[in-house]
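The structure appears below as structure tokens.
Laboratory data are not the source of any read-out in this text; all were calculated from the coordinates shown. Everything quoted here is computed from the prediction, not taken from an experiment. Note that we place each Cβ from the backbone using ideal geometry, even for glycine, and neighbour counts take in every protein chain shown.
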């Protein structure tokens with residue numbers, strides 16, 4: 001039987017690269033999506049080859065602006081035509097606001113951009129994957145069937161008034177996960193949301209000092225930053241079939257941040 005194929009969006013760096021590296025070491029073929037940084041994508045491909053379980057594994061870099069219907073469709077077509085099939089989609093790609101601004105001053109342009117990239121893009125990319133899977137029932141090479149994963153954020157339920165557009169996009173994506181889980185549960189497609197907390201990536205590098213202090217003061221019960229491998233290990237477990245009777249669930253990867261405490 002041929003190897004499972006997983007498409008990871010935003011896999012050229014950050015959490016996406018961590019997911020890709022973990023899956024490469026597990027033996028999967030990967031489509032590594034990037035928006036514009038081809039150099040970072042090729043670095044991710046090389047890193048995956050270096051840790052691959054087998055020299056026969058294939059790693060395909062694919063470019064697409066997720067806000068574009070045409071580019072999403074072209075990417076999906078390329079993945080399936082060059083890698084042969086699709087067994088899992090990990091909707092990881094996302095962006096932060098270009099400028100943090102209080103919601104009394106935030107611009108419509110920023111709102112539109114974040115909604116298009118962080119919410120509309122994965123919603124309709126998942127539609128493409130779902131329709132492919134519905135046309136190929138029971139053909140998944142993963143234990144328990146096809147997998148549709150959404151990497152959201154603690155910002156889906158934690159208000160930050162200086163990046164309201166980001167919070168809204170992630171809250172919307174959490175509902176997207178619920179919708180696809182409900183629609184696809186009986187069709188052999190498992191849908192789960194991964195909700196990372198304060199993660200050490202380039203997106204948070206500019207506020208490292210602030211969060212170092214907050215974490216030291218107990219904001220995160222485990223008292224550490226999360227890292228890309230934390231997310232990769234969760235994706236690996238799901239793809240391996242370790243959660244066979246779960247769908248529509250939220251898996252927190254936040255060191256206990258979400259716990260209500262006095």
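For the chain, find the longest principal axis of its Cα atoms and tell me its angle to the long axis of helix 69-83, 0 to 90°, nearest 10.
Computed tilt is about 40 degrees.
Starting from the Cα of residue 246, step 7 Å along the direction of its Cβ; do the same at residue 213; then give the gap between the two resulting points in nm.
Computed distance between label sites residue 246 and residue 213 equals 3.6 nm.
Taking other Cβ within 10 Å of each residue's Cβ, how do 104, 247 sort, fewest first?
So the residues, fewest neighbours to most, are 104, 247.
Measure nothing but the geometry: give the 0 to 90° angle between the long axis through the Cα atoms of 228-240 and the longest principal axis through the Cα atoms of the chain, rounded to 10°.
In the chain, helix 228-240 runs at an angle near 40 degrees to the longest axis.
Please list, by residue number, everything in region 99-125 whose backbone N is under 16 Å from a paramagnetic label point 7 Å out along Cα→Cβ of residue 162.
Correct set: 99-107.
Between residue 50 and residue 71, 0.36 nm times their residue separation minus their Cα-Cα distance comes to what?
4.6 nm
Using Cα atoms only, what is the angle between the long axis of helix 164-184 and the major principal axis of the chain, expressed in degrees (0 to 90) to the nearest 10?
On a 0 to 90 degree scale, this one is about 30.
Which percentage, to the nearest 5, of the DSSP beta bridges contained in the chain is antiparallel?
Of the beta bridges lying entirely in the chain, close to 0 percent run antiparallel.
Between residue 82 and residue 36, with labels modelled 7 Å along Cα→Cβ, what's the label distance in nm to one decimal, could you check?
2.1
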